[in-house]
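Below is one structure, written out as C-alpha cells; comments come after it.
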C-alpha cells in the first residue's frame, strides 16, 4: 500500500519565491518518487498581495498533485501601518486578530 502525504502551505509553485515554500517543494518532489504526495495551498503567488493568480483547478507538478484554494481577501494596503501598532510585549486580542487577518492568507475553502 502506497502511503499518502499532504503538505499544507500558503503558496506553492514554480514561480513562488520564499524559503519555506521552496523547501516544501523540494521535499514534496523528492518524496513523490516513493509516496503519493499532495499539496493544499492558496491561489496566491505573492505574500505581499495574496492576490489569486493561479486557477483553482488541480495541477500536477513534478509528481505532486496540487489543490489550490482562493484567498478570501487580498492583503490590506494599510497592513504595514497597523503592523507597527502591534507590540510583542503587550497582548491585546483585538490587535492580534487584526494583525493575523491583515497578515493573511485567509482562505475559508482551504480550511474546510
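Looking at 26, 17, just one residue is under 17 Å from the mean Cα position of the chain (by Cα), on the phi < 0 side of the Ramachandran plot and assigned to a helix (DSSP H, G or I), and that residue is 26.
Considering only region 64-84, state which residues are in contact with a strand residue (DSSP E or B) (Cβ under 7 Å, 6 or more places away or on another chain) and part of a loop (DSSP other than H, G, I, E, B).
Those that are in contact with a strand residue (DSSP E or B) (Cβ under 7 Å, 6 or more places away or on another chain) and part of a loop (DSSP other than H, G, I, E, B): 70, 71.
The set of residues in region 29-54 being free of Cβ contacts under 8 Å to residues at least 40 places away in the same chain, in a loop (DSSP other than H, G, I, E, B) and out of contact with any strand residue (DSSP E or B) (no Cβ under 7 Å at 6 or more places or on another chain) consists of 33, 34, 45, 46, 48, 49.
Here, each number is a calculation from the coordinates, and none is a lab measurement. Values in this document were obtained by computation on a predicted structure and should not be read as measured data. No Cβ is skipped: glycine too gets one built from the backbone with ideal geometry, and neighbour counts run over all protein chains shown.
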